[in-house]
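This report refers to the structure that appears directly beneath it.
Laboratory data are not the source of any read-out in this text; all were calculated from the coordinates shown. Just so you know, these numbers come straight off a predicted model, no measurement behind them. All Cβ positions, even for glycine, are placed from backbone atoms using ideal geometry, and neighbour counts span all protein chains on display.
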Amino acid sequence: MTSFSDIRQPQGARTASTEQRDADVMGRCQRMLHRWRTRRALLTLTPAELRDVGLSESQAQAEASKPFWKG
């Protein structure tokens, strides 16, 4: 037969596309975790520290209130 459905892979075999998909998922998870941590950290900064990074308190609050899955 010539159908793709006839191609069998040994159980547990990983293809390059599977590995790439796993890497993509891990990358997205790492980015979301980074956003969550940094947005939480914004809430702990003093007004002077916020000025040092170029943010107002309202800007920091707006950024911190975004969901972690939104870029």
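Which of Met26, Met32 comes first, and how do the rest follow, when ranked by fewest Cβ neighbours within 10 Å? Mind showing how you got there, number by number?
On the way: Met26 10, Met32 15.
Taking fewest neighbouring Cβ atoms as first place, the list is Met26, Met32.
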Q: Provide Rg over Rh for region 19-71; use the alpha carbon set for both Rg and the Kirkwood Rh (inverse mean inverse pair distance).
A: 1.14
